[in-house]
Amino acid sequence: MTQTASAPETSFGPAVLDAEETMSRDEIEALQLTRLQETVKYAYERVPHYTRKFDDAGVRPEDLKELDDLGKFPYTTKEDLREEYPFSMFAVPMNQVTRIHASSGTTGRPTVVGYTKQDLDNWATLVARCLRASGLRPGMKVHNAYGYGLFTGGLGAHSGIEKLGATVIPMSGGQTEKQIQLIGDFAPDAILCTPTYLLTIGDAMIHKGIDPRKTSLKYAVLGAEPWTNEMRAELEEMFDIKASDIYGLSEVMGPGVAGESVETQDGSHIWEDHFRPEIVDPFDLAKTKSDGETGELVFTSLTKQALPIIRYRTKDLSTLLPGTARPGHRRMGRISGRTDDMIILRGVNMFPSQIEEIALRIPELSPHFQLVLTRPAGQRMDSLTVKIEPRDGTTPEQRQAAAANLKHAIKVNVGSSCAIEVVEPGSLERSNGKLRRIFDLREQH
Ligand code: DLL
């Protein structure tokens, strides 16, 4: 059953939603309970890791009588997946696994995830939902600049674009010159990539004398890294587009766990017919937080066959908010950061996105910055230097004043003192996908 959404009609026609998108909160929760009961039983019976973990915690699938009983079940972490490397967390025989992806694994073993045919179909459905919510429609041309390969971004987005009925341009990440050429030649309606990579493409266009506002692009669906509303404003202005968020992570599915509606631009709706989210206190895991409170996002899959995941700790800090454009599904507040990206500077916690937010409010400063942590020789305190590029055409006096402004605003808003180094425009490394903002040089001292 489908229903016509209230989404604005484009020349590509109205949005036709999945029946689950229009379910009421009560209907969603009833569906979640049934699916959750099935999932914990399925995981317990099929994956030795879960059998052991549930037994150790003294909890059995039958104990899940209502949604809140989920809190009795043990968490799953990236380390669990690493210990079961590569395939021991799979709940189906290998001949039923249609595709494998893996996280980049900069430290240690990568985490490996698998999908059955049905899993891939559900994944494509959810990405298609996100894209539609972001303004994309069947018949549009979509330039996909998420990286293809083991990373879930490229192929995950690809299948969703096809499922939506749009035309996919499978560009992948990198080769910025080529991206610009194809955007010009193929005239896509939408682009999918990380926010910082879109910035790289826009900058490169400007340096070639191409006005990004004059391209055919009307929509962008951006994710895979934290970004702020200030960055949204920057990119929307730069390209004259509407930019929406898409969230996901490999261990839970890939892109498409949640997606934002272009009409409201108020955070991503989590597709709660497939995932049960919780917010927990990362410092006291026994504590589940209420909607509206900030903490670590935890997900349980409700339909996954190859890799059912129970209470996966994402390390992403967010909040759960009531649904708006899809009232039955809760939204997630913008990710303020990851617990492992948190800088603790003389007792004050901060995230790169706070710096992004503050810096972009200062007109002379660009969104290109890095955070460098050092411990100067002979000192017991860590130091933070914000290296940031000014806007093109700013005078030395303006740059100096902007640096002083930034220093002051960080002190007032975050509560920490740091050094500001305004570097030459174009001198900081550009993003090709997920941008690294933090450079921790403390070990070297
Ligand atoms: O980055 C999946 C993805 C691809 C999402 C393309 C959106 C678009 P991983 O490589 O496993 O998967 O990284 C997951 O990236 O835990 C967050 O920390 C971060 N992340 C993903 N989307 C967002 C977002 C993909 N919209 C990790 N906002 C997650 C903030 C995000 N952080």
- Query: Which of the pairs K53/K117; K53/K315; K65/K304; K41/K72 have their Cα atoms more than 25 Å apart in this structure?
  - Reply: K53/K117
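Using just the Cα positions, wrap the chain in a convex hull and report its mean projected area in square nanometres, one decimal place.
Projected over every direction and averaged, the Cα hull of the chain covers 22.0 nm².
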- With a 10 Å radius around each residue's Cβ, average the other Cβ atoms per peptide and rank 16-27, 280-291, highest first. 16-27, 280-291
- Item | Global form of segment 342-444, assessed from the alpha-carbon gyration tensor, a/c cut-off 1.5 | prolate
- Query: What does the charge count near E356 come to, summing +1 for each Lys or Arg and -1 for each Asp or Glu among other residues with Cβ under 9 Å from its Cβ?
  - Reply: -1
- Item | Probe 1.4 Å, all protein chains present, accessible-area order of V414, V386, largest first | V414, V386
- Item | Using alpha-carbon coordinates, inclination of helix 229-239 to the longest axis of the chain, degrees | 70
- Message: Which residues among segment 294-319 fall inside the zone where the amide N is under 18 Å from a point 7 Å beyond the Cα of E62, along Cα→Cβ?
- Response: none
- Item | Accessible area (Å², per residue) of the chain, counting only protein heavy atoms and a probe of 1.4 Å | 42
- Query: How large is Rg over Rh for segment 45-196, taking Rg from the Cα atoms and Rh as the Kirkwood inverse mean of 1/r across Cα pairs?
  - Reply: 1.07
- Which of the listed residues, M253, S216, M238, is farthest toward the dipole's positive end in segment 213-283, when Lys, Arg count +1 and Asp, Glu count -1 at the beta-carbon? S216
- Could you let me know the centre-to-centre spacing of segment 323-343 and segment 207-250, using Cα atoms, in angstrom? 19
- Query: Carbon and sulfur together cover what percent of the accessible area of the chain at a 1.4 Å probe radius?
  - Reply: 50
- Note on the structure: In whole Hz, the Karplus estimates of ³J(HN,Hα) for segment 31-37 (6.51, -1.76, 1.60; θ = phi - 60°; x where Gly or Pro) are 5, 4, 4, 4, 5, 5, 4
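If the chain between V423 and K117 were fully stretched, how many nm would it gain, using 0.36 nm times the residue separation less the Cα-Cα distance? Don't skip to the end; give the middle numbers.
Working: separation 306, 0.36 × 306 = 110.16 nm, distance 4.97 nm.
That pair, V423 and K117, stretches by 105.2 nm at full extension.
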- Surrounding net charge for G259, when Lys and Arg each add one and Asp and Glu each subtract one, Cβ distance under 15 Å: +1
- Note on the structure: For segment 1-338, percent of DSSP beta bridges that are antiparallel (nearest 5) comes out at 65
- Task: Return the sequence-ordered ³J(HN,Hα) values of segment 206-222 in whole Hz as given by the Karplus equation 6.51 cos²θ - 1.76 cosθ + 1.60 applied to θ = phi - 60°, using x for Gly and Pro.
- Result: 4, 5, 8, x, 9, 8, x, 5, 9, 6, 6, 5, 10, 9, 9, 10, 10
- Query: Can you give the accessible area of Y115, probe radius 1.4 Å, in Å² rounded to 10?
  - Reply: 0
- What lysines sit close enough to K387 to cross-link, taking a C-alpha to C-alpha distance under 22 Å and skipping anything fewer than 8 places away on the same chain? K407, K411, K434
- Message: So if I restrict to the alpha-carbon atoms in segment 157-204, what is the Rg, and what is Dmax, the biggest pairwise distance, in Å?
- Response: 11.0, 31
- Nearest-0.05 FRET efficiency for D291 and T51 at R0 = 25 Å, using Cβ-Cβ distance, is 0.20
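The values are calculated or read from the model by the stated rules, or taken from the named source; none is laboratory data. What you see is a predicted model, and the numbers here were worked out from it, not measured in a lab. In this analysis, Cβ positions are derived from the backbone assuming ideal geometry, glycine residues included, and neighbour counts consider all displayed protein chains. Areas reflect the complete protein model, heavy atoms only, side chains present, ligands, DNA and RNA absent. Shrake-Rupley method; radii C 1.70, N 1.55, O 1.52, S 1.80 Å.
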